[in-house]
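K.L.:
Submitted below is the structure of interest, expressed as structure tokens.
A short reminder: the numbers here are calculations on the coordinates, not readings from a lab. Keep in mind that this is a model prediction, so the values were computed, not measured. Cβ placement follows ideal geometry from the backbone for every residue including glycine, while neighbour counts extend to all protein chains displayed.
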Amino acid sequence: MGQAKEPSTGQQIGVSVALLVIDLMVIAWAVYGYGIAGWADSYESDSVNPSSASRTASQASWLLGGGAVLTGGGLLALGWRISGIVQLVVLGAGALLLSSLAASG
């Protein structure tokens, strides 16, 4: 029974950088969507219903939190510690950012 070969540090850093770019694009898209929804809400006079910006931020925070758990946890389970930790931290921070926007909106 041989020991499983773990990916090199260089491979893990390369994958981390590639995933970081994708993560930042997804977070930027979610924040942009929140901004557009808030802008659209400013044109609606009915303030009885919860704002669509708050709903958008809440949905995006769940999406990012789930992505952090799935991708970060999956990479950690596969032995890609650096990449897994980067995914958990970046997507988790994005989820917290959007969660705070949902709470304030």
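K.L.:
Go through the range 4-47 residue by residue and tally those that are touching a residue at least 40 places away in the same chain (Cβ under 8 Å) and of a type in the set (A, V, I, L, M).
P.N.:
Here the count works out to 10.
K.L.:
While we're here: Just give me the residues in the range 14-47 being over 16 Å from ALA68 (Cβ atoms), in contact with a helix residue (DSSP H, G or I) (Cβ under 9 Å, 6 or more places away or on another chain) and charged (D, E, K, R), in sequence order.
P.N.:
ASP41, GLU44
K.L.:
Answer with yes or no whether ALA95 is in contact (Cβ under 8 Å) with a residue 12 or more places away in the chain and under 9 Å from the mean Cα position of the chain (by Cα). Break it down stepwise before answering.
P.N.:
Numbers: in contact (Cβ under 8 Å) with a residue 12 or more places away in the chain: yes; under 9 Å from the mean Cα position of the chain (by Cα): yes.
Judged against the criteria, ALA95 is a match.
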